[in-house]
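What follows is a set of notes on a single structure, which appears directly below.
The values are calculated or read from the model by the stated rules, or taken from the named source; none is laboratory data. Computed from a prediction, not measured in an experiment: that's the story for all the values here. In this analysis, Cβ positions are derived from the backbone assuming ideal geometry, glycine residues included, and neighbour counts consider all displayed protein chains. Ligands, DNA and RNA are stripped out before the accessible areas are found, and what is left, the full protein with its side chains, is counted by its heavy atoms. Shrake-Rupley method; radii C 1.70, N 1.55, O 1.52, S 1.80 Å.
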Amino acid sequence: MGSLISIASLTSDGACHRQVRALRWPAGVVCPHCGSRETIRRGKDDRQPERQRYQCKACGKRFDDLTGTVFEGHHQPLKVWILCLYLMSLNLSNQQIA
């Protein structure tokens, strides 16, 4: 059984990104394009400094923490999405969440 994650521990974007990385890549970063574990860090995102960038040594493609996830391409901070997912799990209506 997986461990529970406290919503109180996910109040910052940095904490949310660390948790996404831990859940997504528990054995280390894997390229979402080719599946290689041969990756290097390529700095941080300009607008979201908590978001780590990577480059795959095998296929050469670049990706970040959110590439290939439901959070990819959205401009809201990750903590906003995590909070919304938490509120949805409480069966609140869209109007209540808004």
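Could you check the stretch 48-74 and list, in sequence order, the residues that are under 18 Å from residue 14 (Cβ atoms) and either touching a residue at least 12 places away in the same chain (Cβ under 8 Å) or touching a Ser or Thr at 6+ places or on another chain (Cβ under 6 Å) (or both)? Don't jump to the end; show me each part of the working.
Filtering the stretch 48-74 down to residues under 18 Å from residue 14 (Cβ atoms) leaves 48-54, 64-66, 69, 71, 74.
Once the filter is applied, which keeps residues that are under 18 Å from residue 14 (Cβ atoms) and either touching a residue at least 12 places away in the same chain (Cβ under 8 Å) or touching a Ser or Thr at 6+ places or on another chain (Cβ under 6 Å) (or both), the stretch 48-74 yields 48, 50, 51, 52, 53, 54, 64, 65, 66, 69, 71.
Just the residues that are of a type in the set (S, T, N, Q) and either open to solvent by 60 Å² or more (accessible area, probe 1.4 Å) or within 14 Å of the chain's Cα centre (by Cα) (or both), please, taken from the stretch 13-57.
Scanning the stretch 13-57 gives 19, 48, 52.
Restricting to the stretch 58-81, give me the number of residues that are open to solvent by 60 Å² or more (accessible area, probe 1.4 Å) and among the acidic types (Asp, Glu).
1
Here are the criteria: (1) over 14 Å from residue 16 (Cβ atoms); (2) touching a His at 6+ places or on another chain (Cβ under 7 Å). Tell me which single one residue 78 does not satisfy.
With respect to (1) over 14 Å from residue 16 (Cβ atoms); (2) touching a His at 6+ places or on another chain (Cβ under 7 Å), residue 78 is out only on (1).
For the stretch 21-67, which positions are touching a Phe, Trp or Tyr at 6+ places or on another chain (Cβ under 8 Å) and in a loop (DSSP other than H, G, I, E, B)?
Of everything in the stretch 21-67, those that are touching a Phe, Trp or Tyr at 6+ places or on another chain (Cβ under 8 Å) and in a loop (DSSP other than H, G, I, E, B) turn out to be 29, 31, 32, 33.
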